[in-house]
Amino acid sequence: MCGIFGVICHQTDDVPDQGRLAQTARLLSHRGPDGHGIFAEPGVGLVHTRLSPLDLSDRSNQPFWDRKKRLALVYNGEIYNFAELREELERAGVEFRTTSDTEVLLEALVKWGPDVTLPRLDGMFAFGLYDTVTKSLLLARDRFGIKPLFVYDTPEMFVFSSEIRAMRP
């Protein structure tokens, strides 16, 4: 179980307050006691608290970035068929840096796109994928909603989180 959080500001390019993002990480720390990561740039903030059942290395910390540092993934869950997806991606020429299902998810989204990737995922998950170039966000969760994903949208901001209380700050 991990904790995810993101805020997208609709009407400002201000950088979200680091103190509030850190407070959010503390509120989610029980979901991921093995570490946390925070990313903030004008108009967006992402938080991840990590539980590390598969890949204990720091190289799998989140937000998890693609090689070009364009896409940032915050992910909670487990992809049961990640090994077979990884093998297929490797046959297609994708090189992996970690042994995590997080990287398999990101590389599948990059290689195949969400329309092909999402139906192929066998597991329980919720994630946010932020594109720093297009300033777009893709949110998804498993078909049964096993991993929670709460959203809050106002004219000022869009917020998502694995727990409502993490939205408080």
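The values are calculated or read from the model by the stated rules, or taken from the named source; none is laboratory data. Only a predicted model underlies this, so the values are computations on that prediction, with no experimental measurement involved. All Cβ positions, even for glycine, are placed from backbone atoms using ideal geometry, and neighbour counts span all protein chains on display. Heavy atoms of the whole protein, side chains included, go into the accessibility calculation; ligands, DNA and RNA do not. Shrake-Rupley method; radii C 1.70, N 1.55, O 1.52, S 1.80 Å.
For Trp112 and Trp65, the difference between the fully extended length at 0.36 nm per residue and the C-alpha to C-alpha distance is 15.2 nm. The mean accessible area for residues of the chain, using a 1.4 Å probe and ignoring ligands and nucleic acids, is 50 Å² per residue.
For semi-axes √(5λ) of the Cα gyration tensor in Å, the candidate list reads (i) 29, 19, 14; (ii) 25, 17, 15; (iii) 33, 24, 14; the entry that matches the value derived from this model is (ii).
Computed over the chain, relative contact order equals 26 percent, with contacts defined as Cα pairs under 8 Å that lie 6+ residues apart. Using only side-chain charges placed at the Cβ, +1 for Lys and Arg and -1 for Asp and Glu, the dipole size of segment 113-169 relative to its Cα centre rounds to 160 debye.
Going toward the positive end of the dipole of segment 89-169, with +1 on Lys and Arg Cβ and -1 on Asp and Glu Cβ, which of Met124, Leu109, Pro148 do you reach last? It is Pro148.
Placing R0 at 30 angstrom, the Cβ-Cβ distance between Leu139 and Glu84 gives a FRET efficiency of 0.75 after rounding to 0.05.
Whole-Hz Karplus values for segment 130-139 come out as 9, 9, 6, 8, 7, 6, 10, 10, 10, 10 Hz, taken residue by residue from phi with 6.51 cos²θ - 1.76 cosθ + 1.60 and θ = phi - 60°; glycine and proline positions read x. Between segment 1-24 and segment 91-169, the C-alpha centres lie 16 angstrom from each other.
Couplings 3J(HN,Hα) for segment 142-159, derived from phi with the Karplus relation 6.51 cos²θ - 1.76 cosθ + 1.60 (θ = phi - 60°), are 4, 4, 9, x, 4, 8, x, 8, 9, 10, 9, 10, 10, x, 8, 7, 10, 10 Hz, where x marks Gly and Pro.
Oblate is the label for segment 126-167, because the ratio a/c of its alpha-carbon gyration tensor axes (a ≥ b ≥ c) is 1.5 or higher and a/b is not greater than b/c.
Each Lys and Arg contributes +1 and each Asp and Glu -1, all at the Cβ; summed about the Cα centre of segment 52-167, the dipole is approximately 300 debye.
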